[in-house]
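The values are calculated or read from the model by the stated rules, or taken from the named source; none is laboratory data. Every value quoted in this text rests on a predicted model; they were computed, and no experiment measured them. Heads up, the Cβs are rebuilt from the backbone with ideal geometry, glycines too, and the neighbour counts pull from every protein chain shown.
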Amino acid sequence: MNDMKHINIALFVPHMGCPNQCSFCNQKSISGQAKQINADDVKSAVNTALEGRDCAQAEIAFFGGSFTAIDRDYMISLLEAASEFIRVGQVKGIRVSTRPDCIDEEVLGILKSYGVTAIELGCQSMDDGVLRANLRGHDAQAVVRASGLIKSKGFELGLQMMTGLYMSDSTKDIETAEKIIELSPDTVRIYPTVVLEGTMLCDKYTAGEYRVQTLEEGVELCSKLLLMFHNADIPVIRLGLHSGGNVEEGFVAGVYHPAFRELCESRIYLDKIKEKLVGIPYGEIEITVGTKFISQLTGQKKTNLKHLEEMGYRCSVVQNPAFKKYELTIIPKG
Ligand code: SF4
């Protein structure tokens with residue numbers, strides 16, 4: 001996936017009347033405010049996105065989490081509106097996100113016929129105990145089954161996971177990432193858990209039965225996950241919740257930072273530098289890094305350089321355009 005040229009024309013499809021009660025979801029408490037989009041909304045959103053831009057590489061994205069579980073006629077009306085743009089070559093394809101237990105051959109056939117190219121599954125965890133505790137209503141095997149079916153029909157597969165859910169821990173979250181890697185998705189999204197008002201997690205948190213991760217713990221865990229997916233050559237197309245929307249409004253607690261990914265990228269660089277510093281005497285050092293990655297190496301407000309200085313290393317940074325992501329060398333100076 002080419003990040004530079006990639007545009008998602010994102011449309012939020014709330015699942016009115018969803019029978020599930022996932023611990024983190026506030027759709028029931030906000031359903032009065034969420035607008036139910038219709039085919040005309042799809043057309044006008046895409047037309048607005050097309051104004052003055054070449055969107056031939058863009059995708060229309062129906063997000064919300066349960067696209068294939070919404071009323072069937074309604075789902076088809078949205079797909080029909082979107083597919084018109086694909087037929088005339090104005091838009092490349094359609095992405096949808098849904099639950100793993102809402103995928104079968106029949107619905108995949110419908111999605112294919114309207115030009116859906118990518119399907120993202122909210123798996124959240126691959127630990128059955130965590131899935132049960134968070135009332136997801138499906139098990140890990142459902143993710144394995146749905147992923148296989150999606151890939152066998154030639155769709156791009158995206159998998160979404162959450163970290164720090166109720167009854168989970170870093171070990172279980174890392175195991176979830178390992179199991180996701182085994183499924184060879186084309187893309188991954190990682191969402192640290194955020195406690196929103198009107199959710200089961202909020203009740204547990206208020207009652208002192210659920211401890212949320214600190215930002216520092218979230219960065220430490222998610223930087224490991226990011227590196228795991230990088231090493232497996234699986235692009236992480238989102239890390240951390242988007243700012244805006246109902247996150248800030250209903251936010252009670254949890255790992256949330258508007259530049260969360262940058263924090264994690266910088267942590268990976270810091271860890272790599274520390275690995276390479278073993279055996280290098282304190283004093284001046286020169287770090288060489290890829291030109292595009294200097295800010296990740298130095299960290300926000302130069303936190304990584306300050307951290308290294310506190311350890312006893314004064315750093316100068318040199319750029320090398322040939323260096324790949326996370327590649328770096330260190331030489332002692334003087
Ligand atoms: S996250 Fe769970 S409860 Fe919320 S809409 Fe999706 S399936 Fe329903």
#### Entry: Test set (1) closer than 20 Å to PHE24 by Cβ; (2) within 16 Å of the ligand (Cβ to nearest atom); (3) in contact with a Ser or Thr (Cβ under 7 Å, 6 or more places away or on another chain) - ARG136 fails condition number
(3)
### Task
Could you tell me whether any residue of segment 118-132 is within 14 Å of the ligand (Cβ to nearest atom), surrounded by fewer than 19 Cβ atoms within 10 Å (Cβ to Cβ) and modelled with pLDDT of 95 or more?
yes
### Query
How many residues does segment 139-157 hold that are away from the ligand (no atom under 16 Å from the Cβ), within 17 Å of GLY65 (Cβ to Cβ) and either among the small types (Gly, Ala, Ser) or assigned to a helix (DSSP H, G or I) (or both)?
2
### Task
Restricting attention to segment 95-138, report how many residues are of a type outside the set (A, V, I, L, M) and assigned to a loop (DSSP other than H, G, I, E, B).
10
### Task
Go through segment 182-208 and give me each residue that's free of Cβ contacts under 8 Å to residues at least 60 places away in the same chain, part of a loop (DSSP other than H, G, I, E, B) and over 22 Å from MET126 (Cα atoms).
ALA207, GLY208
### Query
Among the residues of segment 55-75, how many are within 16 Å of the ligand (Cβ to nearest atom) and either of a type in the set (Lys, Arg) or without any contact (Cβ under 8 Å) to a residue 40 or more places away in the chain (or both)?
3
### Filter result for the condition that a residue is crowded, with 22+ Cβ neighbours inside 10 Å and closer than 19 Å to GLY122 by Cβ, over VAL96, VAL91, VAL107
VAL96
### Task
Please specify each residue of segment 226-241 satisfying the condition of being assigned to a loop (DSSP other than H, G, I, E, B) and either aliphatic (A, V, I, L, M) or surrounded by fewer than 17 Cβ atoms within 10 Å (Cβ to Cβ) (or both).
ALA232, ASP233, ILE234, PRO235, LEU241
